[in-house]
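**Q** Below are the structure tokens for one structure; questions will follow.
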Amino acid sequence: MRSLSTAASGMAAQQTRLDTIGHNLANVNTTGFKAQNVQFKDMLYAQFQQKPLVDDIPGRVSGPGLSIGHGVLVNGIGNSFAQGQLQSTTLPLDFALEGDGFFTVGIFENGVQVGEGFTRAGAFKIGMDGQDAYLVDGQGNPVLDNQRNPINLTGLDIDSLQVDQRGNIQARRGGVLEDVATLSVVRVDNPETNLRPQGVNTFAAVEGIPPNAIRLITALTPAEQPPQVRQYMVEMSNVDMAKSMTDMIVAQRLYSMNARSMQTADQMMGMANNLRNG
Amino acid sequence: MIRGLYIATSGLLSNQRMQDVVSNNIANANTVGFKTDTGVFRSFPEELLTRINDSQGGVGADRKTLGQLPSGTTLEEVLPRFIQGGLADSDNPHARAVVDGPPTADEPFRRSYFPVSVGNQTMYTRDGDFKVQALTNFLVTTGGDVVLPTNANGQPVADARIRVRPDGQYDFVTQQGQPHPNAAQLQLGVVDIVDSTQMQKYGETYFSGGEVAAQSTGVIQQGKIEQSNVDLAQSMVSMISVSRMYEANQRMIRTLDSTLEKATSVGRL
């Protein structure tokens, strides 16, 4: 009886969905978090052969053959890159992006840069490397400038640090305002496909995408609406709490519906077993 | 009476299949673009019983009709219900949903679908939760199969692809990514299938087969997806009814069995 495994696939799918909703809800306050969603597909259909004779049966609507499905499968888990709300803060190193784009951070392993990550979580900090102070993200990865170098803040008055909409950083050194660096803010085309999650709130480029799929905002035309950097602001998680709660209730109900159909299949098999006695 | 055993067994088997159909619906209550299945039971053709080898005339002479005897049931066909699923908002910028045109009396199962290229075959889907394929930037389904553009007459164009530009606009190109010669006539559109009941479900919310109509009537809505049209209350009712029918057939077999037992014990003391 395939109904048992069909119901099992439905339960597994709803379980995955609940896991994802739980993950989203847990990150409802995580800066720059991008909600995940699960996509389902129905599985292949078993085609039962029927004689062409069925064409002659009065009242029959469909052509020969009987197809019965095998349940559901989780086709993929995607991220929604919709903009989260901006919240103002009092910290000079809190940056948020308004519009499509990402900050670039260097991913380091054992002191060696192994790649670049893209994040919208702009609650940056100062990280020390020996005597040098660098701008780093929440995980300690250095935030890169538009030359793909770490941003050295040694000796600068952090409270005087200013960032304009294009990501140009200025700060005072001993009372004199100087240009420090320009943040690397990039536009990634089709981030749903071209980026994959890598660790905490950070995404990495999928292998082999064309280099022009990731462009600095300075290369964007005004028509492409480059994102703007906002200082003293962070982007909140884009998880919709009410929707997540509703989804959770639906997922739970569907889970029990699937459990019910499994139970029914089980009862039917029990009846078949008791054909003779009991 | 032995025949009765087989008739009751056919009831067990077809209800078992019906349960498979219902549980598949429930499992896909959340699958975008899924169309719920309904099972259609049908009684086997009735048999005409005649009496032969009559004592009066020998074989074949003077056949007398005794009457008709039913011979059980079968799950004759599984028909998807093509009614429109509810539309839900989606964060996905490439999400699309089809809204069917008004139904006509002579084509009650005319519905609109997105054409998709699966292998070398054109299939049709209602799942418009599209995404952009990495590397090629072609518009694809969540399963990764390319979405085909349609021409001005609502026909799928199998040798064309929809390439998404960085600004979200579409280019119509060949499979190799060159500009398509008829690009000006192409669009992301839907095709109408004249009689949707002639299609076969393939899985992954794809349908195969069916005759493409000369014009399309469906309307595309952007930023929406069509939810599964499974009715959970109805599924629950079907499940209860299937389970009870199964039980009734099982009772029938047991009754027949115990009656047969009486027959085998005739003459035993």
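The values are calculated or read from the model by the stated rules, or taken from the named source; none is laboratory data. From a predicted model like this one, the values you see are computed outputs, not experimental measurements. Methodologically, a virtual Cβ is constructed for each residue, glycine included, from the backbone with ideal geometry; neighbour enumeration extends over all protein chains shown. Surface areas here come from the heavy atoms of the whole protein model, side chains and all, with no ligands, DNA or RNA. Shrake-Rupley method; radii C 1.70, N 1.55, O 1.52, S 1.80 Å.
**Q** Give the share of C-alpha pairs in each 20 angstrom bin for the protein assembly as shown, from 0 to the last occupied bin, in whole percents, shortest bins first.
**A** Distribution as computed: 18, 39, 26, 12, 4, 1, 0 percent.
**Q** Just checking the output field for A:2-9: average partner chain Cβ neighbours within 10 Å of each residue's Cβ?
**A** Working: counts 6, 13, 3, 3, 10, 7, 2, 4.
Per residue, the average neighbour count from other chains is 6.
**Q** How much length would be gained if the chain were fully extended between B:Thr50 and B:Gln198, taking 0.36 nm per residue of separation minus their Cα-Cα distance, in nm to one decimal? Don't jump to the answer; show the numbers that get you there.
**A** On the way: separation 148, 0.36 × 148 = 53.28 nm, distance 3.89 nm.
So the chain would gain 49.4 nm between B:Thr50 and B:Gln198.
**Q** Could you identify which residue out of A:Gly32, A:Gly101, A:Gly138 has the top mean-square fluctuation in a GNM of chain A using Cα springs shorter than 10 Å?
**A** Highest fluctuation of the listed residues: A:Gly138.
**Q** What are the GluC sites (Glu not before Pro) within the stretch A:186-278 that DSSP puts in a loop, where the Cβ has at most 11 other Cβ atoms within 10 Å? Walk me through the numbers before you get to the answer.
**A** Working: sites: A:Glu192, A:Glu207, A:Glu224, A:Glu235; in loops: A:Glu207.
Listed in order of number, the matching sites are A:Glu207.
**Q** Now for a separate question. Using alpha-carbon pairs under 8 Å, 6+ residues apart, how would you state the relative contact order of the stretch B:87-226 in percent?
**A** Details: 342 pairs, mean separation 47.2, N = 140.
That works out to 34 percent.
**Q** When Cβ neighbours within 10 Å are restricted to other protein chains, what is their mean count per residue of peptide A:261-269?
**A** Values: counts 14, 2, 2, 9, 8, 0, 4, 10, 2.
Per residue, the number of nearby Cβ atoms from other chains is 6 on average.
**Q** Taking every pair of Cα atoms in the stretch A:93-169, average 1/r, invert it to obtain the Kirkwood radius, and report Rg/Rh to two decimals. Provide the component values of the computation, followed by the final result.
**A** Numbers: Rg = 12.1 Å, Rh = 12.9 Å.
Rg divided by Rh gives 0.94.
**Q** Apply the Karplus curve 6.51 cos²θ - 1.76 cosθ + 1.60, θ = phi - 60°, to the phi angles in the stretch B:200-211 and return the couplings in whole Hz, x for Gly and Pro.
**A** 10, 6, 9, x, 6, 6, 8, 10, 10, x, x, 8
**Q** While we're here: Give the range of the longest stretch in chain B that excludes all trypsin sites (Lys or Arg not before Pro) found in loop regions by DSSP and having at most 16 other beta-carbon atoms within 10 Å. Don't jump to the answer; show the numbers that get you there.
**A** Values: sites that count: B:Arg63, B:Arg81, B:Arg268.
In chain B, the maximal stretch lacking such sites is B:82-267.
**Q** Follow-up question, since we're still on this one. Picking from B:Gly119, B:Gly39, B:Gly209, which is most flexible by a Gaussian network model of chain B using Cα springs under 10 Å?
**A** Judging by the Gaussian network model, the answer is B:Gly119.
**Q** Using a 1.4 angstrom probe with every protein chain in place, what is the largest-first accessible-area order of A:Leu220, B:Leu5? Show your work: numbers first, answer last.
**A** Values: A:Leu220 15, B:Leu5 45 Å².
Descending accessible area places them as B:Leu5, A:Leu220.
**Q** Quick check: at a probe of 1.4 Å, how many percent of the accessible area of chain B sits on carbon and sulfur atoms?
**A** Working: 6670 of 12890 Å².
Carbon plus sulfur share of accessible area: 52 percent.
**Q** For peptide B:226-238, compute the average count of partner chain beta-carbon atoms within 10 Å of each residue's beta-carbon. Walk me through the numbers on the way to the answer.
**A** Numbers: counts 0, 0, 3, 0, 2, 0, 4, 0, 0, 3, 4, 0, 1.
Mean shielding count: 1.
**Q** For a bin width of 5 Å, list the pair-distance distribution of chain B built from all Cα-Cα distances, rounded to whole %.
**A** Cα pair-distance distribution for chain B, in percent: 1, 5, 10, 12, 13, 11, 9, 7, 6, 6, 5, 4, 4, 3, 2, 1, 1, 0, 0.
**Q** Ordering B:Thr142, B:Thr264 from largest to smallest accessible area (1.4 angstrom probe), what's the sequence?
**A** Details: B:Thr142 10, B:Thr264 95 Å².
Per-residue accessible area, sorted high to low, gives B:Thr264, B:Thr142.
**Q** Another question about this same structure. Computed from the mean reciprocal separation of all distinct C-alpha pairs, what Kirkwood hydrodynamic radius does the stretch B:149-269 have, in Å?
**A** Working: mean 1/r = 0.0500 Å⁻¹.
That comes to 20.0 Å for the stretch B:149-269.
**Q** How far is it, in nm, from the label point at A:His23 to the one at A:Leu177 when both lie 7 Å from their Cα along the line to the Cβ?
**A** Between A:His23 and A:Leu177, the label points sit 4.5 nm apart.
**Q** Tell me, what is the per residue accessible area of the protein assembly as shown in Å², probe radius 1.4 Å? Could the numbers behind the result be given before it?
**A** On the way: 26300 Å² over 547 residues.
That works out to 48 Å² per residue.
**Q** Another question, then. Given a cut-off of under 8 Å on Cα pairs at least six residues apart, what relative contact order in percent is computed for chain B?
**A** RCO, chain B: 26 percent.
**Q** Can you sort A:Thr90, B:Thr122, A:Thr104 by 1.4 Å-probe accessible area, starting with the largest? Working shown, then result.
**A** Values: A:Thr90 120, B:Thr122 40, A:Thr104 0 Å².
Heavy-atom accessible area, descending, gives A:Thr90, B:Thr122, A:Thr104.
**Q** Hey, for a label at A:Arg148 modelled as a point 7 Å past Cα toward Cβ, could you say which residues of the stretch A:181-200 have their backbone N under 15 Å away?
**A** Those under the cut-off are A:184-187.
**Q** For a Förster distance of 22 Å, can you work out the FRET efficiency between the beta-carbons of B:Tyr6 and B:Glu247, rounded to the nearest 0.05? Mind showing how you got there, number by number?
**A** On the way: r = 18 Å, r/R0 = 0.84.
The computed FRET efficiency comes out at 0.75.
**Q** Another one. Out of A:Leu156, A:Leu66, A:Leu135, any idea which swings most in a Gaussian network model of chain A, alpha carbons joined below 10 Å?
**A** A:Leu66
**Q** Counting residues in the stretch B:87-226 as N, plug N into 2.2 N^0.38 Å and put the Cα Rg over that result.
**A** On the way: Rg = 14.2 Å, N = 140, 2.2 N^0.38 = 14.4 Å.
Normalised by 2.2 N^0.38 Å, the Cα Rg of the stretch B:87-226 equals 0.99.
**Q** Hey, another quick one. Under Stokes-Einstein, with the Kirkwood radius over Cα pairs standing in for Rh, what whole-number D in µm²/s applies to the stretch A:76-231 at 25 °C and 0.890 mPa s? Can you show the working numbers first?
**A** Values: Rh = 16.1 Å.
Approximately 153 µm²/s, per Stokes-Einstein.
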